[in-house]
1. Rank-order A:130-140, B:313-323 by packing density, defined as the average count of other C-beta atoms within 10 Å over each peptide's residues, highest first.
2. Given 25 °C and 0.890 mPa s, how large is the Stokes-Einstein diffusion coefficient of the range B:164-251 in µm²/s, with Rh as the Kirkwood radius over Cα pairs?
3. Report Rg (one decimal) and Dmax (nearest whole number) for the range A:226-302, counting Cα atoms only, units Å.
4. Take every residue in peptide B:526-532, count the Cβ atoms of other chains within 10 Å of its Cβ, and give the average of those counts.
5. Among residues other than B:VAL370 whose Cβ falls under 15 Å from its Cβ, what is the net charge (Lys/Arg +1, Asp/Glu -1)?
6. Report, in degrees rounded to the nearest 10, the 0 to 90 angle that the Cα long axis of helix A:245-276 makes with the longest principal axis of chain A.
7. How big is the range C:210-314 by the Kirkwood estimate over distinct Cα pairs, in Å?
8. Kirkwood hydrodynamic radius (Cα pairs, Å) of the range C:245-371?
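Each reported figure results from applying straightforward, stated rules to the coordinates on display, with no laboratory input. Treat the numbers as computed from the prediction; the structure is a model and nothing was measured. Reconstructed Cβ throughout: ideal geometry from the backbone, glycine too, with neighbour counts over all protein chains shown.
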Amino acid sequence: MLINSDHTPWLAATVIVTSAATASYIYYVEVTPYGPSGGSWPGIAYGIIGTSFMVIAGLLAARKKVRTWRLGSAQLWMKMHLWLGLLAVPFILFHSGFRLGGPLTLTLMVLFTVVTLSGIFGLVLQQFLPTMMTARVPLETLRSQIDHVAAGLSADAYELVASVVGPLAEASEEQARLAAEEEVQKARPANWKQIARQRPAATQPPDAGPLRELYLTEVRPYLNRRPLDSRPGPDFRQLMIIASDEWRGKVEKLVRICEESRQLGVQLRLHAWLHHWLFVHAPLSFTLFVLTAFHVVLALRY
Amino acid sequence: MVRQELVARHPDGLPGKWLTPEDLAELDFFKGTKRAFKIKTATNFAPTAGKPEPGIKAAVRREYQKGDVLFHAGDYGSTAFLLLEGTALATIPERAQAVPVAGRTPRSLDFLGRMFGRRARPTSGGDAAAAGRLGIGEVSAYASLACEAPPPEQLLRPGDVFGVDSCINFYPREATVVAAERCVVVEMLRSVLDTVRDAGSASEQVNSRYRTAAIRWQLRQSGLFRSLSEEQLERLALASELLTNDSEAVRDDAIYGEGQPADAFFLVRSGTVKLSQVKAGGELIFGYLGRGSAFGFENLLPSRETPPLRLRCLSHPTLFPELDLGARTTFGRAASCEVIFPRGETGIGRKHCKIEERDGEFYLTDLESVNSTLLNGERIQQAAITAGDRITVVDYLFELTRAPRPTAAAAAPPRFASARALDNVEIVRIDAASLASLAQENPRLLEVLTEVGQQLEAAIYQRTSAQRSLDSELVGLNLYNSQNTLLIDLDRCTRCDECVKACSDAHGGVARFTRDGPRFGRYLVTMACRSCTDPKCMIGCPVGSIRRRGSLEIQIEDWCIGCERCANQCPFGNINMVERPALAAAAGPPSMQATVCDLCAGYDRPNCVYACPHDAAIRVNPSAFLSAADLG
Amino acid sequence: MRSSKDLAKRLRFDRFPALDTFRRRFFVVGAVAALVGFGVWLGFTSLFGKRQYLPGPVSQNHATFGAQCENCHAIPFASVQDEACLHCHATRTHSPFVARDAACRDCHVEHRRVEVFLSVSSRTCVDCHGSLESKRPGGPAVQASITTFAAHPEFTPLRPGHHDEAAIRFNHKLHLTSDRMPPEQPRLVCASCHLPQSDGKLMQPIVFERHCRRCHPQQVPGPVGGIEAPHRDPAVIRDELIARLLVLGVDNAETIFQGTQGTLPGIRPRPPIDDSRSLREYQAKWVEKLESQLYAPFDERQPLLEHNKYCFLCHVQEGTRAPGELARVVKTNIPARWLVRGEFSHRRHDTLRCQVCHAASEGSERTSDVNLPPRQLCQNCHTEDATRSAGTACMLCHFYHDTSKDAALRACRRMELPLGLLIGNELPSAHGGPESAIASPAPCTPTPSELRSAD
């Protein structure tokens, strides 16, 4: 979530609560004879407050399962997750008295740190990555449709080249896709999703050899590269120079297609950055909760 | 949402008697339509299995008592009414209703108190009387005008067809209709009305009645003519005609061209009109006018050309005659100047100063003279000048005045810009001469027209170039027509798809929009229904299942037969065909059904916005919002 | 600009809203992570058992049953109760007037550093003694608010109105500056009489035979030579005198009873010293004579030593003595221990000269003088300034647990705790360290009632 002035009330509340907690902790440390301890009444209070903040923050995952229930908007929950998660940090630190304790509490502290830091990392990413993606990938599409769109681009490229040089047996997948598309469109002729495809040329013009070659050696492999990465596409400058007026326009379109394919690669990469930190943050938070449950029950029991 | 409801929602929930084709055939109005209805029987009037009533209620007979309200102005509706018995009164409200739009969710400090409030009351169009947010092209209802007298009521008699405008154009109801005594009406869906308009013997009657009524209603509804008496209104109506894209006067969607004599005045009833000038470098678009606007004021207002400034010499009137300033006026001793000083005046330079016209303004520039140029007594290097200023060149004193206006008004001044229909339009064309003579009779009318014309000038002709290019982009994206769509702020969106998931959760597993689409600055205009003012999707639905019920959102009822016409007609591809799981339905259920965003009608607010964790999704009137937004 | 219709043509719409790969993987990873958490707990349980829940190490003393948490944490979801401690440790009380009962765990905190368990922080003392509530009728016996050593009240013997009430006459100054010392010991020093007990803490009581007799022998002239009166009860003295007289009489019968008849020229005949008819008469006569010397009442004339030679030079007579009666000596009641509530160890201070603290003794002429250093003197080294202080922990001098009522404890050999352990700096070693006093049976903390038992 973008941190902007909407967050001011939350930030103010967090600062106030943290200051109050710090003041009370300092007083507590001064007063107790043997130093702070998680088992003393103030220590338990800090622990309860900190854990409840953690639990509420963690409920975000559950909230997303019942999105349409009116339990408070997603923006509210996100802000709560963020700020209560941050607020939990001082409370848990005070609860621990800045000591690591035995194996279980040490593990908890490590997990807590990793979860919090990964969350902050993700938050930082969210401040600038969306803008970066918007700027760098004007031809963005839906992540779940990238495969489909990329295959579509391959088919488009084949269609363009074939319309100049004739059908190419090597491009079997593209041909299959175009054929399937034609079948679907024939079944529903009134449907608006018809894409008018150019037919493959009957004969190849004499000067189109380089086009065919470039397509087979560079363009097609580039468009079909999997996984889609962000490396630049083939160099069309030579081809543009020797292209005849007939099919130069198609080369320009090929350039655009390759550019779009490259942008999809960029999108994949940026999307990964935007989302894969969640694979650290969320699962470890589940581990954290399981172990916290053990800690709460057993520390109180003893 | 699979709900089979009454054809039109009445506040009092009056039931009606469902009519079969046979019933309809008995009415005069429907003569000649039997064959057409026969084709439609299977779809329009098919009874549900095991039930006595038809499953699809395309026509229903209702009774009203005296004082019952049939519909309110501003309500949405998709039906037309035929009055069989009794009389009703139609009144036009004081102000044109603006379309209610769902805005951005408020700052989310709403705490978890609002739990489990899943199905709140749906949004209604009628209460939004005060919501005044207008989009591009919608000129406000001349709020500066005081209403002289309450608008007159129109009496509806048996045989009259009313409510056609909403049925055809899907605009909110224009008037409030109240039963004056016990009435019996036939309320019909568009599919039934179209049958009559296309094939019935009553078609000509319906169409011409429609035209007549449309003109009169538009004249009444427009606040411009409030000061006219009934008789004057009628005269005006007779001098008017209803133009559509098919009319002879409109060729290639051009209503009038730049430079043509201004012989008519226009009111836009529906659709959008573009005003522009063709310049050497391209087309200069002044603006877009939508429903409720008026244009063509040239014959009523003084010429837009700024009268030139006139230069007069006060000190040596005999030496210099009065001169109307042109594009460039140079002062000096050189012979090439326009204002030439005697050669003996050595204090004055060969080229002493100049006056230039730029963008309608005049500027005085000193050309590095030795003895400088004074404007109103002060030395200047360069300054803007206007009527009343005095220029001093050494000993010579000049004064600027406005040239007097041409006294005789041109018979028909030329059009300042050309007007072109952007889409399907209905325009009321009023003959200029009749309007002028009425204006002379009724000075209040002239006042009103002048005031409104000046407002329009300010709004349209004086838009900055930035605003104009924004308008062009909005038009390019077809956003001027849209009333409410989902925009996503791409600087905030993390592409997490929560909005899509929420939409599908709320709609039985099928999302009603796609999180992709054209971009406008940093906003993504999603492929979600835009609630167009004149929705193309609704045209020609054979079963009338796509409609607006009582509010802004477009619904596709579950009797959709999957013909894909709406999907094909939507210019944005916002309607998708989805396989409907086979439910128990008689006579071979359609396997595909059209789905469209329905603004989450059953919820208190749209789920897409509600579920976006990063506050990136907003539902707004796009043209109004994007015109004012910071596009980053 | 691509129109949305163009875009719509390129996408496929038959997938809404299938769980995409990200979400599917996410679900799996999440489930795995939760199981990992459970697994971690299981792993810890098998590796560490219950020790995985430790918030800190168990102190060395309790390390033997470190993993058997129930030994102390017997009741689930409750704190450690005193009963758990009393399984091994004997009951220890503090004062019968305690208003706010402290549990063992309030002062003895486990699970800190290994060595921290035994050190009790002064703060726990101040918790109650900072504003003392007492059930004692008449209020607490000690100052109600003691928060630091600086706020510690003056030691009781040194408070105004307190004197040394011993019924003995002793002039420190005289003894320390006397010039009538024998040549082998020209000057008396503190250590001439005051020697520490074997545990190094308090001084050994003054014993006449060891410390006074050499200069003050109680020798009364008998019929022949002198008879030393033992430093005992008058009754015992009498018996001793009688016995000694008998012996003398027997041994020197001629000289005493017959006299000498001029056996040698120039030697005058001496008459018999005693003309008693019977031994008994002789004894009685001489006893009375000797006793009247011994028990001569105190003569104030100076110099005292000239006018007072025997018992009542130092002792105080009770009443008067008629001839023939036994004298009654007021019990001396010399305090064996001055500071009752606190522990003082001279050994720990043996780097200091006696005069540093007991300067008053050099000028003390009266028995009633209390020659102890005031508390202020202690504060010179035991300052509040933590960096240069000899320590101000309450536990340095005071001991919480009152062992006076516990006979078993009293009789036991009380291991002297090394200082470092008291203030938590050192580990207890297996054998109690070089400073432990296991060897000699040192008396346990005497009770107030026993304090005056010395001599």
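1. The peptides rank, most packed first, as A:130-140, B:313-323.
2. My calculation gives 162 µm²/s for D.
3. Every Cα atom of the range A:226-302 included, Rg and Dmax give 25.8, 86 Å.
4. Average neighbour count from other chains, rounded to a whole number: 1.
5. Residues near B:VAL370 contribute 0 overall.
6. 10 degrees
7. Result for the range C:210-314 stands at 15.1 Å.
8. Evaluated on the range C:245-371, it is 19.7 Å.
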